[in-house]
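K.L.:
Shown below is the structure under consideration.
The values are calculated or read from the model by the stated rules, or taken from the named source; none is laboratory data. Source: prediction; values computed, not measured. In this analysis, Cβ positions are derived from the backbone assuming ideal geometry, glycine residues included, and neighbour counts consider all displayed protein chains.
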Protein chains: 2
Amino acid sequence: MASTTDPELKSSEPPPPPPPAATADAVDYFKIDVILRVLLFASSLAAIIVIVTSQQTEIVPLLTGGFARRPAKFKYFVAAFSVSGLYSIITTLASISVIQKPQLKLKFLIQFIFWDTLILGIIASATGAAGGVAYVGLKGNDHVSWNKICNVYDKFCRHIAASLAVALFGSVVTLLLIWFSAKALHHRVPK
Amino acid sequence: MASTTDPELKSSEPPPPPPPAATADAVDYFKIDVILRVLLFASSLAAIIVIVTSQQTEIVPLLTGGFARRPAKFKYFVAAFSVSGLYSIITTLASISVIQKPQLKLKFLIQFIFWDTLILGIIASATGAAGGVAYVGLKGNDHVSWNKICNVYDKFCRHIAASLAVALFGSVVTLLLIWFSAKALHHRVPK
């Protein structure tokens, strides 16, 4: 077993000749990976579109107060899902390229775990931020006199709710991506 | 190389005799792991304490509106960091036990990645939710007439800000935990 004979060799990371690795489970894993990443892209795009259209369709009733501040409230949300959308395009292409060149598998798996984890942190916090604000909009807060707004702007709130649902779905997809990558990495460790 | 000779054997997971694995890097990794988990526990505890004390010290100026609703606003935040605090206690003990029994290393690494990722999603979204509400409190929102509250409740807002900083630190620690676990797992894969 390689792990018992040369641990020092491994931990200092020499450049070994890349062996043609076992491709069967690799291709299967990366097919799931591609599907999940396309789902992540779709949900990122949907979350952005739904929340941006909610702002545009609410311009008319907002003329009393001006609508310049509204985009600022969900700026972080839109930015986070723009990043995850772009990221999912790049990694989908990377994942497809791995299906064609299975010897790159190991390198991509560890990179995917690293970056997916970062993206998970970003989009989970963005979902939470939008969710927190939406909760205040739904329930209000009496003693600081923040009134409920969802009984007035009901279409706006429905957009936010839909966007949050899609965003949550995107977060779960990212979670699954990390789990699958870790599982695939785990499979390659000699027992 | 094991990965080229018996891929089917590995993917069907037979029960092989566990070899005495290389312990040097394992112990080093799990020492970092224990330290990070203790940090996670400390930051979870601090985040909860700071946000809970902010509610108690603000009872007097809130008598105009009743204070019953205030705890509800940060209920998710307190719940999430209670979970991560409890989780960090359990996994710290688990991590210490692995230092004493290195043959359990592989099993714990994959479990740590799975659960740490879930915890990251929970506390990142909780941090985001509290941050989103705190942002509205700081900046206000004119056209739905949500006034700024941080110029009035400045001590409350300082508590929230401190709690958010600690919570963000806890999220970064969790991110590092996943990265270290993935790296440790990656080291054990034959190149």
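K.L.:
Quick test of your reading of the structure: residue B:119 fulfils all but one of (1) closer than 17 Å to residue B:34 by Cα; (2) at the interface with another protein chain (Cβ under 9 Å from one of its Cβ atoms); (3) not charged (D, E, K, R). Name the failing condition by number.
P.N.:
(2)
K.L.:
May I pose another question? Do we find that residue A:81 is surrounded by 22 or more Cβ atoms within 10 Å (Cβ to Cβ), within 22 Å of residue A:156 (Cα to Cα), at pLDDT 85 or above and of a type in the set (Phe, Trp, Tyr) in this structure?
P.N.:
Yes, satisfied.
K.L.:
Would you mind finding the one in A:163, A:145 that is surrounded by fewer than 16 Cβ atoms within 10 Å (Cβ to Cβ), out of contact with any Leu (no Cβ under 9 Å at 6 or more places or on another chain) and not acidic (Asp, Glu)?
P.N.:
None of the others qualify; the one that does is A:145.
Rundown of residues vs (1) within 20 Å of residue B:143 (Cα to Cα); (2) more than 9 Å from chain B (Cβ to nearest Cβ); (3) in contact (Cβ under 8 Å) with a residue 40 or more places away in the chain, yes/no style:
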| site | (1), (2), (3) |
| --- | --- |
| A:126 | no, no, yes |
| A:131 | yes, no, no |
| A:138 | yes, yes, no |
| A:144 | yes, no, no |
| A:150 | yes, yes, no |
| A:154 | yes, yes, no |
| A:169 | no, yes, yes |
| A:172 | no, no, no |
| A:178 | no, no, yes |
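K.L.:
Determine which member of the set A:53, A:64 is modelled with pLDDT of 80 or more, more than 21 Å from residue A:179 (Cα to Cα), over 15 Å from the mean Cα position of the chain (by Cα) and among the β-branched types (Val, Ile, Thr).
P.N.:
A:53
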